[in-house]
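Each remark here refers to the structure printed beneath this line.
The values are calculated or read from the model by the stated rules, or taken from the named source; none is laboratory data. These numbers come from a predicted model, not from an experiment. Positions of Cβ are backbone-derived with ideal geometry, glycine not excepted, and every protein chain shown enters the neighbour counts.
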Amino acid sequence: MAHYELDARRMFCPMPVIRTQDKISELAVGDTLEVVSTDPGALNDIPAWSRINGHKILATRDAGDEVFVTIEICAEQ
Amino acid sequence: MSQRKAVALISGGLDSLLAARVMLEQGIHVEGINFFTGFCVEGHTHAIRKKDKDKPKRNNALWSAEQLGIKLHIIDIVEEYKDVLLNPKHGYGANMNPCLDCKIFMVNKARQWAEENGFDFIITGEVVGQRPMSQRKDTMPVVSRESGADDRLLRPLCAKNLPETLPEKAGWVDRDRLYDFSGRNRKPQMALAAQFGFEDYAKPAGGCCFLTDENYSAKLVDLWDARGNREYEMDDIMLLKVGRHIRPAPHFKLIIGREDGENKFLQGYRNNYISFKTLSHPGPLTLLDGVASDEDLQLAAQITARFSQGKNADTVTIEARRTNGETVTLEVKPMSPGSIQPEWYV
Ligand code: SF4
């Protein structure tokens, strides 16, 4: 179980979602991933993508210019 | 018999939502695939323009998948799509939309994905006669054939108007429980949506992407003409969605922010383009795309002033910034409305 970070700054949706999806495909069940994005839309889209693909959202944070989403990988890819 | 698997092209619109649902009703395992060309209407501009921030913003493809309870795979095809847009074998639609080649490309991609992931067939929300280019009775077989999907491509909403496909012949799906929609009338889709209990689905006015938009297409062609080639990068695609575009001379164009969200977005490009901001009055951020002499800078500053709150003032102070960070301060008289030629607007 390891923690990873993904820099998705200066990208617009759906690119942060695509990067998240691609990163998660390399991770194992139980790993956690924190994504940081400058597109506030990521705050909706990354959790939506995670829900439908069976992963758990541990935290979301809106820090104004940047948003953070932390995901726990649950389902096998 | 093991459960059959279909990959569904999910655009975020109603038709692909319904098509996938029809398959789920028949006990098929469905997963969605969504392609990002860079020109998709989803996301982007909602994020840039501040006025849209009050509206709840969502990615409709993700929303569709969530309604359906299926997985969604979003695939970045920005680079590969360039060849589709620049060299469409079947030409363009009313604007710069290469819809037929685009559909063939996407179905082909979905076919490859299906093969790699052990899926049996591909479904789309296409309806015969709905779109002038890609969804005609004579072009739908072209999509099946040229994508290599052949009879593994099923269109559940209009299957009864088309020859039987493999999933029907093999008994994986029941043809009697597919549909015979045709033409531009949306009522049958709306009735089916009501029957499935779908509300609040996306109703895009044009197609699924900016390439069907006349203004956007004009800006794209203008960009290519000015550069003398048809290359483009993701940043170009993005910038065409933002701001007023004014070309006072063949060798440069101005991109002028229309509100705070756009100004902030454009600011991110200050190291790539000469930029202008108003110091004496609140005003837009302007980018200059091209090469500019001192006179051109003066003109650009006057136009920027015209779109600031100092438009009626005698002089407006403008800071022009080069990409290396050097700045010059210009005192200019805002250009009068009549002096901005209508043909300058791209
Ligand atoms: S509208 Fe755009 S995305 Fe849709 S088929 Fe045409 S070119 Fe492709």
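Listed by position, the helices (runs of 4 or more DSSP H) enclosed by region B:130-213 that each have at least 1 residues that are within 18 Å of B:Gly91 (Cα to Cα), more than 16 Å from the ligand (Cβ to nearest atom) and more than 24 Å from the chain's Cα centre (by Cα) are B:140-146. Right, B:Ala320: outside any strand (DSSP E or B) and in contact (Cβ under 8 Å) with a residue 24 or more places away in the chain or not? Judged against the criteria, B:Ala320 is not a match.
Among what's in region B:263-283 and is assigned to a loop (DSSP other than H, G, I, E, B) and at pLDDT 95 or above, pick the residue that is nearest to the other protein chains (Cβ to nearest Cβ). Step by step, filter region B:263-283, then rank; the result is B:Tyr273.
From the list B:Glu79, B:Glu126, the lone residue that is in the same structural domain as B:Leu14 (by TED's automatic domain parsing), of a type in the set (Asp, Glu) and touching a residue at least 60 places away in the same chain (Cβ under 8 Å) is B:Glu126. Would region B:27-43 turn up any residue that is within 16 Å of the ligand (Cβ to nearest atom), at pLDDT 95 or above, closer than 18 Å to B:Gln67 by Cβ and not in a strand (DSSP E or B)? Among the residues of region B:27-43, not one is within 16 Å of the ligand (Cβ to nearest atom), at pLDDT 95 or above, closer than 18 Å to B:Gln67 by Cβ and not in a strand (DSSP E or B), which makes the answer no. Of the residues that make up region B:109-117, is at least one more than 14 Å from every other protein chain (Cβ to nearest Cβ) and surrounded by fewer than 16 Cβ atoms within 10 Å (Cβ to Cβ)? Yes, region B:109-117 contains a residue that is more than 14 Å from every other protein chain (Cβ to nearest Cβ) and surrounded by fewer than 16 Cβ atoms within 10 Å (Cβ to Cβ).
Per the listing A:Met11, A:Met15, A:Met1, the residue uniquely at pLDDT below 95 and within 12 Å of the chain's Cα centre (by Cα) is A:Met15. The residue that is surrounded by the most Cβ atoms within 10 Å (Cβ to Cβ), counting only those in region B:95-108 that are assigned to a loop (DSSP other than H, G, I, E, B) and within 8 Å of the ligand (Cβ to nearest atom), is B:Asn97.
Tell me, please, whether a residue that is in contact with a Ser or Thr (Cβ under 6 Å, 6 or more places away or on another chain) and farther than 30 Å from B:Asp76 by Cα can be found in region B:259-271. The answer is no, given that none of the residues of region B:259-271 is in contact with a Ser or Thr (Cβ under 6 Å, 6 or more places away or on another chain) and farther than 30 Å from B:Asp76 by Cα.
Checking B:Tyr92, B:Tyr81 one by one, the residue that is within 11 Å of the ligand (Cβ to nearest atom), of a type in the set (Phe, Trp, Tyr) and part of a helix (DSSP H, G or I) is B:Tyr81 and no other.
Select from region A:14-57 the residues that are out of contact with any strand residue (DSSP E or B) (no Cβ under 8 Å at 6 or more places or on another chain) and within 7 Å of another protein chain (Cβ to nearest Cβ) and write down the one among them that is surrounded by the most Cβ atoms within 10 Å (Cβ to Cβ). Per the stated criteria, the residue is A:Asp45.
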